[in-house]
Amino acid sequence: MHPGNPMKKKAETKGKKSLTVLKPENTLRFNCNQNLGCYTRCCRDITIFLTPYDVLRMKHALKISSGDFLAAHTATVIGDTGLPVVLLKMQDDDRKSCPFVTNSGCTIYADRPWACRIYPLQPESTQLTEKAGKTYYSVMNIPFCLGLKADRTLTLAEYIQAQGISVYLEMETHFKSISTHERLLKEKIANTQIQDMYYMACYDLDRFRRFVFESTFLDRFEIQPQTIEDIKADDVALYRFAMQWLEYGLLAQHVMKVKPDVVALKKQELGIE
Ligand code: SF4
Ligand code: SF4
């Protein structure tokens, strides 16, 4: 097991000039284990961006609400689109340790974030690969990581499977298409209400559920009864629904339908036939 994966290793990653991109059948040399002198070093002094699915899994692992998780363990910054981006907050100790690392490893290993799974790989994408819907990976150059000097080799495909990355990639696809949409990049959202709605739908799912069930939401939109049942208790279903709502609200895509009586009333208010 490896206890951590930095999304960003300060000034230690390989420069673009020496970049080698791996195909699924290509091999990498890597073996992390508790006997190595570097064990858990990669879980300190790092920057980890959390995806919405990371937050979902981590709050489940800790058995706390999304609101409590976000308040206790994250910091938020505004990204290129003007929308919030969530980071895992490191501890205030002399090594800036991850709050979940102990000497014997990661306490939330089964639900560790995507960034911790993908290590020692990092995604390399260009506009062309993005358009083709493909992701390529390179191996990071982390001098202190002894796992990179191990005898064991395995293919990229084997590594991705062993780390349980597929479900993260699947969950990420929808979110990524919204959060990196060129329309948002151009507009750069500055409206704090929109920023908060986005934050709630992406990261604070328990609040989003209250918003759906305790506001006029269900009176306004046509939602299948089965979907309503699913999102009551299933966070993954709720997350998918939240992404759909963002596509509708942020990107004006026709993925949700307003109830006819609500449309008629609105037209009446606006004096439209
Ligand atoms: S979440 Fe776990 S694996 Fe990731 S940095 Fe923290 S302790 Fe390490
Ligand atoms: S081998 Fe690398 S991934 Fe494993 S503990 Fe050491 S630094 Fe971390």
### Summary
Listed by chain and number, the residues whose amide H is under 5 Å from that of Tyr137, excluding neighbours fewer than 5 places away on the same chain and using placed H, are Leu22, Glu124
### Query
Given H placed 1.01 Å from N in the peptide plane, which residues other than close sequence neighbours of Lys89 have an amide H under 5 Å from its amide H?
Thr74, Ala75
## Note on the structure
Yeah, the chain with a ≥ b ≥ c from its alpha-carbon gyration tensor (a/c under 1.5 is rounded, else prolate when a/b outruns b/c, oblate otherwise) is prolate
### Surface accessible to a 1.4 Å probe, Lys257 within the full protein complex, Å²
130 Å²
#### Entry: Qualifying aspartates and glutamates (Cα of each under 20 Å from Cα of Lys267; at least 8 residues distant if same chain)
Asp219, Glu222
### In order through region 90-101: 3J(HN,Hα) via Karplus (6.51 cos²θ - 1.76 cosθ + 1.60), integer Hz, x for Gly, Pro
7, 6, 8, 8, 5, 10, 6, 6, 4, x, 9, 8
### Task
For region 195-259, state the average projected area of the convex hull of the C-alpha atoms over all orientations, rounded to one decimal in nm².
4.0 nm²
### Task
Would you mind classifying region 116-215 by shape? Square roots of the alpha carbon gyration tensor eigenvalues, ordered a ≥ b ≥ c; an a/c under 1.5 is rounded, otherwise it is prolate if a/b is larger than b/c and oblate if not.
prolate
### Query
Based solely on its DSSP helices, what 222 nm [θ] is calculated for the chain when runs of n ≥ 4 H residues each add -39,500 (n - 2.57) and the sum is averaged over all residues, nearest 500 deg cm²/dmol?
-12000 deg cm²/dmol
### Amide H within-cut-off set for Gly82, under 5 Å, with H built and near neighbours excluded
Ile189
### Surface accessible to a 1.4 Å probe, per residue, for the residues of region 155-231, Å²
56 Å²
### Task
For helix 166-179, report the angle its Cα long axis makes with the longest principal axis of the Cα atoms of the chain; keep it between 0 and 90° and round to the nearest 10°.
50 degrees
### Summary
Along region 191-203, Karplus-curve 3J(HN,Hα) (6.51, -1.76, 1.60; θ = phi - 60°) to the nearest Hz, with x for Gly and Pro, reads 6, 5, 5, 5, 4, 6, 4, 5, 4, 4, 5, 7, 10
#### Entry: Karplus-derived HN-Hα couplings along region 249-260 (A = 6.51, B = -1.76, C = 1.60, θ = phi - 60°), whole Hz, x at Gly and Pro
x, 8, 10, 6, 8, 7, 9, 9, 10, 7, 5, x
### Query
Using a simple spin-label model with points 7 Å from Cα along the Cα→Cβ vector, what separation in nm is obtained for Gln161 and Lys23?
1.8 nm
### Query
Which angle between 0 and 90 degrees, to the nearest 10, do you get for helix 205-214 versus the longest principal axis of the chain when only C-alpha atoms count?
10 degrees
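The values are calculated or read from the model by the stated rules, or taken from the named source; none is laboratory data. For clarity, every value in this text was computed on a predicted model and none was experimentally measured. Because the Cβ atoms are built from the backbone with ideal geometry, glycine has one as well, and the counts that use them run over all protein chains shown. Calculation scope for accessible area: heavy atoms of the full protein, side chains included, ligands and nucleic acids excluded. Shrake-Rupley method; radii C 1.70, N 1.55, O 1.52, S 1.80 Å.
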